[in-house]
Amino acid sequence: AGTNCPDTLESTMSVAKSSRPASSSPLDPKERTIVATLLADYPIQLPPLCSKVLCHAPESFEDLRLGTIAAAIRELAAEAKPVGLLTIRQRLEAQHQLSAAGNALFLEALPNDAGTLGIAECEAEDVWRAFTERRARTVFADAQAALESKPDALPSILEGVRAAIEDISDKDDQRIEVAKLLSCRRFKPGVSPPQIRPIYTLAGHVIATPG
């Protein structure tokens, strides 16, 4: 969703800590299901909502323990390395984040709560929605505070708000879907093209697909 995943777990932890109290929030069973499922059996291809939540970890998780583990999962997957209890623990230990992840006992108990990938994707819908709401509130609150202290900086403040909101929007998802629809409109030579029917509009333009 227009996201740029952070490069390292250490860089993402500073962002999450700056936007949230240091203490962990109560364990969210939806968040736990997502992390447990990915930790127990990381799929070849992530479904879209799980991918979004993982890309924004640890900030996308209310419980920073789970967010820390999710960020480590993302790192290993991006490096094409195996994702499992042993490799995640090694990564957390190497970056001195095992304590932030709830320590070894918390980590090792997670796979017991694993579900199917379909269940994890359903839970990710609520987790993603909650994150985007938190993120939007933070962005607008920070913008208001910045505007009050530096009124002359309005253009840069607005640009910062725009970039932050785009980062969690579905705009790029829509572009991908439109590109897929248009790429499907390939007609055989000498054959009349099929009729098209409008399915929705985007930026004032009707997007259509073969009837």
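The values are calculated or read from the model by the stated rules, or taken from the named source; none is laboratory data. Computed from a predicted model, the values in this text were never measured in an experiment. FYI the Cβ positions are ideal-geometry reconstructions off the backbone, even for glycines, and counts take in every protein chain you see. For the accessible areas, the whole protein counts, side chains as well, though only heavy atoms, and no ligand, DNA or RNA atoms are used. Shrake-Rupley method; radii C 1.70, N 1.55, O 1.52, S 1.80 Å.
Quick notes on this one:
- Simple Cβ-charge dipole of the stretch 22-120, Lys/Arg +1 and Asp/Glu -1, about Cα centre, in debye nearest 20: 140
- For the stretch 47-182, the Cβ-based charge dipole about the Cα centre amounts to some 240 debye (Lys, Arg positive; Asp, Glu negative; other atoms uncharged).
- Lys, Arg +1 and Asp, Glu -1 on Cβ, resulting dipole of the stretch 101-156 about Cα centre, debye, nearest 20: 240
- Accessible area expressed per residue, the stretch 30-130, with surrounding protein chains retained (probe 1.4 Å, Å²): 42
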